Amino acid sequence: MKKAAVINDLSGFGKCSLTAAIPVLSALGVQCCPLATAVLTGQTGYPYYHCTDLTEMMPQYMDAWKKNGAAFDAIYSGFLTGKEQITQVLTFIEEFRTRGTLLLVDPVMGDDGSAYPFFSDELLDGMRALTKKADVITPNLTEACLLAGVSPDTSGNGENALLAFAEEIACQLREQAEVPQDVVITGIKCRTETEPSIYNIAATENGIFRHRSPFFDRSFSGTGDLFASVLCGCRVNGMRTEDAIVLAGKFLSHSIADTMKADTLGRDGVNFEKFLIDLIK
């Protein structure tokens, strides 16, 4: 069975990070080998939560895994608390990445035009160094703009201007990469249409690819983690990025639509479990 080392946090509530990656990768026939960056009682959208940072434990993970002869078909990183954890991930890549190892980086830094509270210039510099090494990156538009050093406010007005702006940023990031890279900008919200839509845009060796899904105008915890996890598992299984995006989009649309019917709070995540069957071949 193929294996993916997933470097992310573990949150007790919120259906995000590792609790999203483990079931999705398992459904896709890929063993998820978690390296926890932090343990949280619940994701940070809850009014009360406690977080234990595991930065000091990360070298112990690497040491034990290396001594046990661990090998991975993919390395997939998500939430990282800061510069030191990014340094640890870069070391992990040096130790465990081989010619055939897929590297997927989800550069968690912000959303909806704003950086998250833990954001810093050091974090951004580290993320830029990390994403340039990746085979696939999955920033949202805010994160893509941070990586590219541009403001989301320069995107212009209207759907066509926004999508063209995202495509330009995706191409810019791809050109800056140290390896042939697929840049997937996720969750681009277009509310100006008669039928509101959300787009995922990819820049790959095949050109620009757009995928549209219905936009429910609700934000739910973990959707980015679910998307990146589907993309990781599909790529490990030999699927093209463009085809993986279509599958991930359908999976999320079904999950979100079901969650909307249940009137679930956004911080609680989406009801994806019953749709994992759609990922099993």
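The values are calculated or read from the model by the stated rules, or taken from the named source; none is laboratory data. Remember, predicted model here, so these are calculated numbers, not experimental data. Positions of Cβ are backbone-derived with ideal geometry, glycine not excepted, and every protein chain shown enters the neighbour counts. The area values use the complete protein model at the heavy-atom level, side chains included, leaving out ligands, DNA and RNA. Shrake-Rupley method; radii C 1.70, N 1.55, O 1.52, S 1.80 Å.
Placing +1 on each Lys and Arg Cβ and -1 on each Asp and Glu Cβ, with no other charges, gives region 1-96 a dipole about its Cα centre of roughly 280 debye. The equivalent ellipsoid of region 205-245 has semi-axes of 21, 15, 7 Å, largest first, where each one is the square root of 5 times an eigenvalue of the Cα gyration tensor.
Expressed in units of 2.2 N^0.38 Å, where N is the residue count, the Cα radius of gyration of region 202-278 is 1.14. Per-residue Karplus couplings for region 126-140, computed as 6.51 cos²θ - 1.76 cosθ + 1.60 with θ equal to phi - 60°, are listed in order as x, 5, 4, 5, 5, 5, 5, 8, 7, 6, 9, 10, 10, x, 7 Hz, Gly and Pro entered as x. For region 55-163, which trypsin sites (Lys or Arg not before Pro) are in a loop by DSSP, counting at most 14 other Cβ atoms within 10 Å? Qualifying residues, ordered by number: ARG99. Think of each Lys and Arg Cβ as +1 and each Asp and Glu Cβ as -1; about the Cα centre, that makes the dipole of the chain roughly 800 debye.
Its Kirkwood hydrodynamic radius, worked out from the mean inverse distance over all distinct Cα pairs, puts region 119-239 at 15.0 Å. Strictly greater than 28 Å: what percent of every Cα pair in the chain meets that? Beyond 28 Å sits 30 percent of the P(r) for the chain.
Based on DSSP, what percent of beta bridges with both residues in the chain are antiparallel, to the nearest 5? The answer is about 45 percent antiparallel.
When the alpha carbon gyration tensor of region 1-93 is reduced to an equivalent ellipsoid, the three semi-axes, largest first, read 22, 18, 10 Å.
Reducing region 1-70 and region 93-144 to their Cα centroids gives an inter-centroid distance of 16 Å. Computed from backbone phi with θ = phi - 60° and the Karplus coefficients 6.51, -1.76 and 1.60, the 3J(HN,Hα) list for region 104-111 is 10, 10, 9, x, 6, 9, x, 6 Hz; x is used for glycine and proline. Ignoring ligands, DNA and RNA, please state the percent of accessible area on the chain from carbon and sulfur, probe 1.4 Å. The nonpolar share, carbon plus sulfur, comes to 51 percent.
Solvent-accessible area per residue in the chain equals 45 Å², computed with a 1.4 angstrom probe and all protein chains kept. Convex hull volume per residue, computed on the Cα atoms of region 62-123, equals 93 Å³.
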